[in-house]
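Undergrad: Mind looking over this structure? Questions follow.
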Amino acid sequence: MSSSSESRRGLVYGFAAYGLWGLLPLYWHLLESTGAAEVLAHRMVWSLPTALLLLAALRRWGWIRALLQQPRTLVLLLLAATFIALNWGMFIWAVTQDRVLEASLGYFINPLVSIAFGVILLRERLRPAQWTAVGIGALAVGVLWAGYGQVPWLSIALAFSFATYGLIKKHVTLEGVESFSSETALQFLPALGFLIYLSVQGDSSFTTDGLGHAALLALSGAATAVPLILFGSAAVRLPLSTIGLLQYLAPAGMFLLGLTVFHEPMPPERLIGFLLVWAALTVLTWDALRNARRGRRALRTMRAPQTEAKAPQPPAAPTEPLVRTTAARRET
């Protein structure tokens, strides 16, 4: 299959993944009668059967034994599972509390937090445009702080928890399905224990709110897995610069839902804060695309001499001794 065809398929997978993530508030809103903690527990419990079905379909089991012999990787996966669970829980709570706009802001801020982590923890050096983007992002948080009368803790907590999850995942050498399966396996028992506790206390909604409600809770595992699988399919077919652009689709979808479906207020200070964040992301995206273009140009320049060196050479003209030998044969 041609590279252009693979790229088109990657774009379809990418749009589908981030589009579904952007629409997730609609799903969690259907479960608003259930507490966020119970919804989160069901999401974690039902994700494991989904992961096992995927592993069975793909016949990928050999990695499990090797993983159990790597305690450092297991600790990292436990940390990753903890931070993504915190992120999921806060996001579900935000939807049930009509704070979808704040949630979308958190995911808009996330790339800026990831850059800050790179500087502070990984000792990465920023380009001037990246410093500019971080500065604009900090100004946006200040404007929102002044507008809300308090730190926009929900947006910041969502951004930091997801950025921390991404930072941990950089040190875990597992493919997408294997990593997802490992994390859900680590989440399963605590989540199941919590659901059993709720059932014993008579506070569980799984068996009391109807078959449709129970089906929505059970399908939360698929709602978690499907976008992740689509993202994994896109990531192997698209350059990072394209993935970086697509990642803004999810919070953009949440933002539109917050305005048009959930009718959340948009006072001037909140709008200014969002505009500043979008300006920071515009600078960041422009710099990333420019840097990627320079990298491709430098790579082509490096490859050019090698291509010329490997170019086929024209056949050499016969040497004088060969001419004489041929002439001598004709005379005989």
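Undergrad: With the condition kept exactly as written, say whether any residue in segment 35-50 is modelled with pLDDT under 90, within 23 Å of the chain's Cα centre (by Cα) and closer than 19 Å to residue 188 by Cβ.
TA: yes
Undergrad: Quick check on this structure: which one of 168, 136, 156 is out of contact with any strand residue (DSSP E or B) (no Cβ under 7 Å at 6 or more places or on another chain), among the β-branched types (Val, Ile, Thr) and free of Cβ contacts under 8 Å to residues at least 60 places away in the same chain?
TA: Details: 168 fails: free of Cβ contacts under 8 Å to residues at least 60 places away in the same chain; 136 fails: free of Cβ contacts under 8 Å to residues at least 60 places away in the same chain.
Among 168, 136, 156, only 156 is out of contact with any strand residue (DSSP E or B) (no Cβ under 7 Å at 6 or more places or on another chain), among the β-branched types (Val, Ile, Thr) and free of Cβ contacts under 8 Å to residues at least 60 places away in the same chain.
Undergrad: Keeping to segment 36-63, report how many residues are free of Cβ contacts under 8 Å to residues at least 60 places away in the same chain and out of contact with any Leu (no Cβ under 9 Å at 6 or more places or on another chain). It would help to see each step written out before you state the result.
TA: The first filter runs over segment 36-63 and keeps only residues free of Cβ contacts under 8 Å to residues at least 60 places away in the same chain, leaving 53, 56-57, 59, 61-62.
With the extra rule that they be out of contact with any Leu (no Cβ under 9 Å at 6 or more places or on another chain), the set shrinks to 53, 56-57, 59, 62.
Total satisfying the criteria: 5.
Undergrad: Another question, then. From the list 159, 191, which residue is within 22 Å of residue 254 (Cα to Cα), assigned to a helix (DSSP H, G or I), modelled with pLDDT of 85 or more and open to solvent by less than 50 Å² (accessible area, probe 1.4 Å)? First the steps, then the outcome.
TA: On the way: 191 fails: within 22 Å of residue 254 (Cα to Cα).
Within the list 159, 191, the selection yields 159.
Undergrad: Quick one: which residue in 271, 276, 284, 257 is assigned to a helix (DSSP H, G or I), more than 16 Å from the chain's Cα centre (by Cα), under 30 Å from residue 149 (Cβ atoms) and free of Cβ contacts under 8 Å to residues at least 12 places away in the same chain?
TA: Exactly one of 271, 276, 284, 257 is assigned to a helix (DSSP H, G or I), more than 16 Å from the chain's Cα centre (by Cα), under 30 Å from residue 149 (Cβ atoms) and free of Cβ contacts under 8 Å to residues at least 12 places away in the same chain, namely 271.
Undergrad: For residue 20, state whether it is open to solvent by 50 Å² or more (accessible area, probe 1.4 Å) and of a type in the set (A, V, I, L, M, F, W, C). Write out each step before concluding.
TA: Details: open to solvent by 50 Å² or more (accessible area, probe 1.4 Å): yes; of a type in the set (A, V, I, L, M, F, W, C): yes.
Considered against the rule, which asks whether it is open to solvent by 50 Å² or more (accessible area, probe 1.4 Å) and of a type in the set (A, V, I, L, M, F, W, C), residue 20 comes out as yes.
Undergrad: Okay, moving on. When the residues of segment 230-274 are filtered to those that are among the charged types (D, E, K, R) and open to solvent by less than 40 Å² (accessible area, probe 1.4 Å), which remaining residue is nearest to residue 141 (Cα to Cα)? Talk me through it step by step, then tell me what you get.
TA: Here is the first cut: in segment 230-274, the residues among the charged types (D, E, K, R) are 237, 264, 269-270.
Filter once more, keeping what is open to solvent by less than 40 Å² (accessible area, probe 1.4 Å): 264, 270.
On the way: 264: 19, 270: 10 Å.
Going through the qualifying residues, I end up with 270.
Undergrad: Related question: Take the residues of segment 111-140 that are in a helix (DSSP H, G or I) and in contact with a Gly (Cβ under 8 Å, 6 or more places away or on another chain): which is most open to solvent (accessible area, probe 1.4 Å)? Please lay out each step first, then the result.
TA: First, pick out the residues of segment 111-140 that are in a helix (DSSP H, G or I): 111-120, 128-140.
Then drop every residue that is not in contact with a Gly (Cβ under 8 Å, 6 or more places away or on another chain), which leaves 111-112, 114, 140.
On the way: 111: 12, 112: 14, 114: 51, 140: 0 Å².
Taking the candidates together, the pick is 114.
Undergrad: Still on this model: Would a scan of segment 163-180 turn up a residue that is out of contact with any His (no Cβ under 9 Å at 6 or more places or on another chain), hydroxyl-bearing (Ser, Thr, Tyr), modelled with pLDDT of 90 or more and open to solvent by 30 Å² or more (accessible area, probe 1.4 Å)? If you could, list the steps in order and put the result at the bottom.
TA: The initial filter retains those residues of segment 163-180 that are out of contact with any His (no Cβ under 9 Å at 6 or more places or on another chain), namely 163-180.
Narrowing the set further to residues that are hydroxyl-bearing (Ser, Thr, Tyr) leaves 164-165, 173, 179.
If we keep only those that are modelled with pLDDT of 90 or more as well, we get none.
No: zero hits.
Undergrad: Oh, and also: Restricting to segment 56-73, and then to whatever is over 23 Å from residue 165 (Cα atoms) and among the hydrophobic types (A, V, I, L, M, F, W, C), can you tell me which residue is least open to solvent (accessible area, probe 1.4 Å)?
TA: Start the filter on segment 56-73 by keeping residues that are over 23 Å from residue 165 (Cα atoms), which leaves 56-62, 65.
Adding the requirement that they be among the hydrophobic types (A, V, I, L, M, F, W, C) leaves 56-58, 61.
On the way: 56: 54, 57: 82, 58: 83, 61: 120 Å².
Per the stated criteria, the residue is 56.
Undergrad: Also, I was wondering about something else. Residue pairs, Cβ under 6 Å, 6 or more apart or interchain, first in segment 215-243 and closer than 25 Å to residue 31 by Cα and polar (S, T, N, Q), second open to solvent by 60 Å² or more (accessible area, probe 1.4 Å) and at pLDDT 85 or above. List them.
TA: 220/46
The values are calculated or read from the model by the stated rules, or taken from the named source; none is laboratory data. These figures come from a predicted structure and were not determined experimentally. Using ideal geometry, Cβ is built from the backbone for each residue, glycine included, and neighbour counts are taken over all protein chains shown. Side chains included, ligands, DNA and RNA excluded: accessible areas come from the protein's heavy atoms. Shrake-Rupley method; radii C 1.70, N 1.55, O 1.52, S 1.80 Å.
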